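**Q** Have a look at the structure that comes next, please.
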Amino acid sequence: MMTRLHNISVRSQLIFGFGLVSVIILLFGLYAYFSIKDIQKINAEIEMHVTEQATAAEISRDVHESLSAIDRFVLTGDPQYSRLATQTDLRVSANTNVLVSMMGNDLIVQQIETYVGLLSDRSGLSRQIIVAVEGGDSDGQAADLVARIRMIDDQIVPAVNRILEITYVDIEKRQRDIDFIFSSSLEFLAGIVAVVLVLLSFVMIALRRSIMRPLHELTDVADKLSHGEFDIVIPVYAKDEIGLLSQTFDVMRNKLRESYASLTKEVAYKTKQTTEALARLKDKNQKLQDTKLAMLNLLEDLNEEKNVIEGEKAKDEAILSSLGEGLVVTDMQRRVRLVNNSACTITGYRPDEVTGQLWPNIMKPTDENGIPIAEEQFLTLKVFKDNETLQTRYFYTHKGGQIIPVSVTASVMKIGDRAVGGVVVFRDIAKEYEVDKSKTEFVSLASHQLRTPLSTINWYTEMLLSGDAGQISEPQRKYLNEIYAGNHRMVDLVNALLNVSRIEMGTFMVSPQLQDISKFVNDVVSDVLVLAKKKDIQLTVNGNEKGIPMMLDGKLLRIVVENLLSNAIKYSSQGGSIEIGVVQRGKKEQGGVVRITVADSGYGIPESQQHQIFTKLFRADNVVKMDTEGTGLGLYIVKSIVDHVGGTVWFESVENEGTTFFVELPLSGMKEKKGTKSLT
């Protein structure tokens, strides 16, 4: 009975002992389960931080590539670099959004908030640079914008580096947490084992040390497991609770070994990635430092070049200041950008009074009667339209009120093939003007006085030819006809000289009346048919059948058309052809014009002398050799009249093939102008 009771006591103690051990093992399993969950969560955070590091490193690289693309775009103007800069900016924005979506660390959030605003400013500056360079960058704005982007990058890169440092610190912290969990698990396991050993000691004492050896061996196993010896073999003594405990220990050992191996491998992989990312970041930082050094060297070179340019600029300014003629440089809007000392002396204005102002508003040109020149006739406007150098005479008003006659030359200022402004050169011709005026007055007086004796010679010659003084012989008639023809040439020359003097003195009037210009031209053509028939020249008129009514001064238009037609007949060979055209171009309310064309198949004008064709007393070499009649004043008178009434005249000519003259008059008609004389 005592033996039975002893066995029952032993069984009860074994049941109690194994029950207690089971509870403790269950607690350890729960602890191990939650520890593994914590380790998995920490692994997920490590992966997120590694992704943050890779994204931050990519942002740093893209910021550098964007700055490089912008620099190349500013230097070369090549649009592929502007597209590359835009693409890298988009990648930076996308990666920033990725970082924002992660934002698991308050310090990282703070760094992202630091440079998100800078990144927005940077994108705006990039777009401004692209717009400035595509617009020409005339004021050097692009360089300033690039400098501002570089300042922003100097703030963005430290923020990105700070993110990398924070993530690296978090990874190390998480690794320490894993080590802490693992060591805590081992400590907890060791604690449980210790408790179990103590309890089992009492049980074993009660069971007369019947199960102490297996427990001792299991204790040794637990100790080895706590030191990471997961390859040990756990003995299984019997198919009882001790054996089940041994099997449980073996399962736990296998799971711990697998978890530890997996964790060790993952930590090693993450550590390797972090190390590589830090190495790449270090390399990028070195490259940034090298780029910074290169930019500093470039700035030094630019400063040296700037000093050279400033020296050349000072020389140019000294040369411009020493010029005797007035010089004004304008932009495409005719605003003054540069004025030299002579220009200020002639006009009476200081440089600061004209710089930045519209030149036509400062110097409003007038004719010698004080009548303002029409704006469309301003040289500073016509040179941009015609794209050629033009010259004329104006009257400027000095700041003090004096009227100054000036000779003005205007041309387009170009950089390569692109027009960037205009250059106006003028000089005071007061003395020359007085000499010319006196000369013109003399010519006018002399010509006027010559008309009376010439008229007398013409009258008496006609009387002799008609037989009023008796019969004359054929030789006498021949000489009288020569006298009569020469007298007519003298009359034409005197009339031409009178017209020139009145044109130059500005005394001739414009008295327009409503007329059909097509019919008017036809009438003038009819008057010269006799001259054309003498040389067997065919005249063809291409007019407007509907008619073109407009305000015209018949005398002035007749002088223009007769001169062009008579020149075409004179300078065409026997049996040639002449075409006269009158065409309306555009509508009156839209600034339309009437174009008169006179095209001949004559001798043409040598290309080397075409620029002189509208000057006084000029006749081309190829017609002078033929001894063709002419005064050399007709085309000068034509251009003066057409310019005076607000029209335009030009020509196209090929030597030995013919010449075509074009006259355009505004459909609005000629404007009435007061004067003391009319042209003849």
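**Q** For segment 340-371, which positions are within 14 Å of residue 402 (Cβ to Cβ) and small (Gly, Ala, Ser)?
**A** Correct list: 348, 370.
**Q** Here is a further query. Would you pick out the residues in segment 512-549 that are more than 19 Å from residue 567 (Cβ to Cβ) and among the acidic types (Asp, Glu)?
**A** Within segment 512-549, 516, 545 meet the criteria.
**Q** Also, I was wondering about something else. Could you check, for segment 330-342, whether at least one of its residues is under 29 Å from residue 665 (Cβ atoms), crowded, with 16+ Cβ neighbours inside 10 Å and free of Cβ contacts under 8 Å to residues at least 24 places away in the same chain?
**A** no
**Q** Looking at residue 587 and the list (1) within 23 Å of residue 653 (Cα to Cα); (2) out of contact with any Ser or Thr (no Cβ under 9 Å at 6 or more places or on another chain), which single condition is not satisfied?
**A** The number of the failed condition is (1).
**Q** Using beta carbons and a limit of 6 Å, which pairs, at least six apart or on different chains, have the first residue in segment 394-405 and surrounded by fewer than 18 Cβ atoms within 10 Å (Cβ to Cβ) and the second one among the aromatic types (Phe, Trp, Tyr)?
**A** As it stands, the answer is 399/349; 403/395, since those pairs meet every condition given.
**Q** In segment 117-151, which residues are among the acidic types (Asp, Glu), at pLDDT 70 or above and more than 17 Å from residue 63 (Cβ to Cβ)? Working first, answer last.
**A** Of the residues in segment 117-151, the ones among the acidic types (Asp, Glu) are 121, 134, 137, 139, 144.
Applying the additional criterion that residues be at pLDDT 70 or above yields 121, 134, 144.
Once the filter is applied, which keeps residues that are among the acidic types (Asp, Glu), at pLDDT 70 or above and more than 17 Å from residue 63 (Cβ to Cβ), segment 117-151 yields 134, 144.
**Q** I'm checking my understanding of the structure. Among residues of segment 598-636 that are farther than 22 Å from residue 386 by Cα and assigned to a helix (DSSP H, G or I), which one is modelled with the highest pLDDT?
**A** Top of the filtered list is 634.
**Q** Same structure, new question: Pairs please, first residue from segment 532-556 and under 19 Å from residue 571 (Cα atoms), second anywhere and in a helix (DSSP H, G or I), Cβ atoms under 7 Å, 6+ apart in sequence or on different chains.
**A** Sorted first by the residue in segment 532-556, then by its partner, the pairs are 532/569; 535/569; 537/569; 539/525; 539/529; 539/532; 541/522; 541/525.
**Q** Taking the criterion of being assigned by TED's automatic domain parsing to the domain that holds residue 166, more than 24 Å from the chain's Cα centre (by Cα) and among the charged types (D, E, K, R), would at least one residue in segment 63-86 satisfy it?
**A** no
**Q** For residue 276, are the conditions met, namely being surrounded by 15 or more Cβ atoms within 10 Å (Cβ to Cβ), among the acidic types (Asp, Glu) and under 18 Å from residue 54 (Cβ atoms)?
**A** Numbers: surrounded by 15 or more Cβ atoms within 10 Å (Cβ to Cβ): no; among the acidic types (Asp, Glu): yes; under 18 Å from residue 54 (Cβ atoms): yes.
Against the criterion (surrounded by 15 or more Cβ atoms within 10 Å (Cβ to Cβ), among the acidic types (Asp, Glu) and under 18 Å from residue 54 (Cβ atoms)), residue 276 does not qualify.
**Q** For the structure I just gave you, tell me whether residue 201 is at pLDDT 75 or above and assigned to a helix (DSSP H, G or I). Walk me through how you get there before you give the answer.
**A** Values: at pLDDT 75 or above: no; assigned to a helix (DSSP H, G or I): yes.
For residue 201, the condition - at pLDDT 75 or above and assigned to a helix (DSSP H, G or I) - is not met.
**Q** Further question: If you check 282, 315, which single one turns out to be exposed (fewer than 15 other Cβ atoms within 10 Å of the Cβ) and modelled with pLDDT under 80? Please lay out each step first, then the result.
**A** On the way: 282 fails: modelled with pLDDT under 80.
None of the other options fit; the residue is 315.
**Q** Could I ask something else about it? If only one of 291, 275 is modelled with pLDDT of 85 or more, in a helix (DSSP H, G or I) and not hydrophobic (A, V, I, L, M, F, W, C), which one is it?
**A** 275
**Q** Mind checking which residues of segment 141-180 are acidic (Asp, Glu) and closer than 26 Å to residue 131 by Cα? Give the derivation first.
**A** If we filter segment 141-180 for residues that are acidic (Asp, Glu), which is where we start, we get 144, 153-154, 165, 170, 172, 177, 179.
If the condition is that a residue be acidic (Asp, Glu) and closer than 26 Å to residue 131 by Cα, then 144, 153, 154 are the ones that fit.
**Q** Further question on the same structure: Residue 242 is checked against (1) surrounded by 12 or more Cβ atoms within 10 Å (Cβ to Cβ); (2) out of contact with any Lys or Arg (no Cβ under 7 Å at 6 or more places or on another chain); (3) modelled with pLDDT of 75 or more and fails just one. What number does that condition carry?
**A** (3)
**Q** Can you tell me which residues in segment 588-612 are buried (at least 22 other Cβ atoms within 10 Å of the Cβ) and of a type in the set (D, E, K, R)?
**A** 600
**Q** Still on this model: Name every residue in segment 343-390 that is exposed (fewer than 14 other Cβ atoms within 10 Å of the Cβ) and in contact with a Gly (Cβ under 9 Å, 6 or more places away or on another chain), in order of residue number.
**A** 345, 369, 371, 374, 376 - these are the residues of segment 343-390 that are exposed (fewer than 14 other Cβ atoms within 10 Å of the Cβ) and in contact with a Gly (Cβ under 9 Å, 6 or more places away or on another chain).
**Q** A further question on this structure: Of all residues in segment 78-102 being surrounded by 13 or more Cβ atoms within 10 Å (Cβ to Cβ) and modelled with pLDDT under 70, which is farthest from residue 47 (Cα to Cα)?
**A** Once the filter is applied, the top-ranked residue is 100.
**Q** With the structure loaded, tell me whether residue 265 is surrounded by 14 or more Cβ atoms within 10 Å (Cβ to Cβ), closer than 22 Å to residue 183 by Cα and not polar (S, T, N, Q) or whether it fails that test.
**A** For residue 265, the condition - surrounded by 14 or more Cβ atoms within 10 Å (Cβ to Cβ), closer than 22 Å to residue 183 by Cα and not polar (S, T, N, Q) - is not met.
**Q** Taking segment 257-283, which residues are within 16 Å of residue 32 (Cβ to Cβ) and in contact (Cβ under 8 Å) with a residue 60 or more places away in the chain?
**A** Passing the criteria: 259, 260, 263.
The values are calculated or read from the model by the stated rules, or taken from the named source; none is laboratory data. Note that the structure is a prediction, hence the values are computed from the model and not measured. Counting neighbours? That spans all protein chains shown, and the Cβs are built from the backbone with ideal geometry, glycine included.
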